[in-house]
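The values are calculated or read from the model by the stated rules, or taken from the named source; none is laboratory data. All of these numbers come straight from a predicted model, not from anything done at the bench. For neighbour counting, all protein chains shown are included, and Cβ atoms are generated from backbone atoms with ideal geometry for every residue, glycine included. Side chains are part of the model used for accessible areas, which takes the heavy atoms of the whole protein and leaves out ligands, DNA and RNA. Shrake-Rupley method; radii C 1.70, N 1.55, O 1.52, S 1.80 Å.
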Amino acid sequence: KDGVFTVFISGIDVAGDISTKSRSDVNILAVVNRNTHQIQLISTPRDYYVPLSISDGVKDKLTHAGIYGVDVSMDTLSMLYDTDIDYYFRINFSGFQQLIDALGGITVNSDYAFEAGGYHFNVGENRVNGEQALSFARERHAFAEGDRQRGKNQMAVISGVISKMQSLAILQNFSGFMEGVQGSFESDIPYELLAGMV
């Protein structure tokens, strides 16, 4: 509507086949304004205790909505924020790494220096591949804010992906890039809309 739409970004906590239903540990709403060319990201921690859309008012951890499918996660967030969610983008560990590697790696900005998954991350810019990006996005125990900082780091990864997708190399071969990552994620965003965003 009026060039603005909302995408639910769901990261599930398993590797392997993307069709596997599992907990949604990443729950980010991306509000895209095509008129101003801005994207606003809102992260909701996985352990928020909220009524699920199928629970008849009974509260549960938000992450558990993913077990029932992406629609339940979307509907639950829609209830929580009292807003319509137009599309979804769902990815798991394997697809996440495949996507980052297909981009040739990305740059993420870190608020803190920390260790995770055998990697060291510096304050400021860090160039990461798929495996490193997954460690960066999953860590929470290294931070006083725990899951809140993890949400910020996940949004930093999304910003890094968006920046890389706007690079000349990707723009010149966008359809080839999309073919290369086919099967690494699920989404109902129309291809034309996705192509128009980069």
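Rounded to the nearest 10 Å², what accessible area does R23 show when all protein chains are kept and the probe is 1.4 Å?
Accessible surface of R23 is approximately 100 Å².
Modelling each spin label as a point 7 Å along the Cα-to-Cβ direction, I'd like the L80/S163 distance in nm, to one decimal.
2.7
Work out the length of the dipole vector of the stretch 1-52 about its Cα centre, built from +1 on the beta-carbon of each Lys and Arg and -1 on the beta-carbon of each Asp and Glu, and round it to the nearest 20 debye.
I would put it at about 140 debye.
How big is the Kirkwood radius of the stretch 1-65, worked out from every pair of different alpha carbons and given in Å to one decimal?
Computed over Cα pairs of the stretch 1-65, the Kirkwood hydrodynamic radius comes out at 13.4 Å.
What helices does the chain hold that run 20 Å or longer along their axis, going by alpha-carbon atoms, with a Kyte-Doolittle average of 1.0 or more, using DSSP H for the helix calls?
Numbers: long enough: 147-165 (27 Å, -0.54).
Once both thresholds are applied, nothing remains.
Given only helices, namely DSSP H runs of n ≥ 4 each adding -39500 (n - 2.57), what is the per-residue ellipticity at 222 nm of the chain, to the nearest 500 deg cm²/dmol?
Mean residue ellipticity, 222 nm, calculated: -10000 deg cm²/dmol.
Which number do you get for Rg(Cα) / (2.2 N^0.38 Å) in the stretch 40-83?
1.03
Rounded to whole Å and ordered largest first, report the semi-axes of the equivalent ellipsoid of the chain derived from its Cα gyration tensor (root of 5λ).
25, 22, 16
Compute the accessible area per residue over the stretch 16-158, keeping the other protein chains in place, probe 1.4 Å, unit Å².
Details: 7250 Å² over 143 residues.
Each residue of the stretch 16-158 exposes 51 Å² on average to a 1.4 Å probe.
Given +1 on the Cβ of Lys and Arg, -1 on the Cβ of Asp and Glu, and no further charges, what dipole in debye does the chain carry about its Cα centre, rounded to the nearest 20? List each step's numbers first, then the result.
Working: 15 positive and 24 negative charges, 69 e Å.
Result for the chain is approximately 340 debye, rounded to the nearest 20.
Please calculate the 1.4 Å probe accessible area of D2, with all protein chains present, and give it to the nearest 10 Å².
Answer for D2: close to 140 Å² accessible.
Using only the Cα atoms, work out Rg/Rh for the stretch 146-198, with Rh taken as the Kirkwood radius, to two decimals.
Values: Rg = 13.1 Å, Rh = 12.6 Å.
With Rh from the inverse mean 1/r over Cα pairs, Rg/Rh is 1.04.
Would you please report the Å³ per residue occupied by the convex hull of the alpha carbon atoms in the stretch 76-175?
123
Please report, as a whole percent, how much of the solvent-accessible surface of the stretch 29-125 comes from carbon and sulfur atoms (probe radius 1.4 Å).
Working: 2420 of 5130 Å².
Result for the stretch 29-125: 47 percent of the exposed heavy-atom area is carbon or sulfur.
Given H placed 1.01 Å from N in the peptide plane, which residues other than close sequence neighbours of D60 have an amide H under 5 Å from its amide H?
Residues meeting the amide H criterion: V50, L52.
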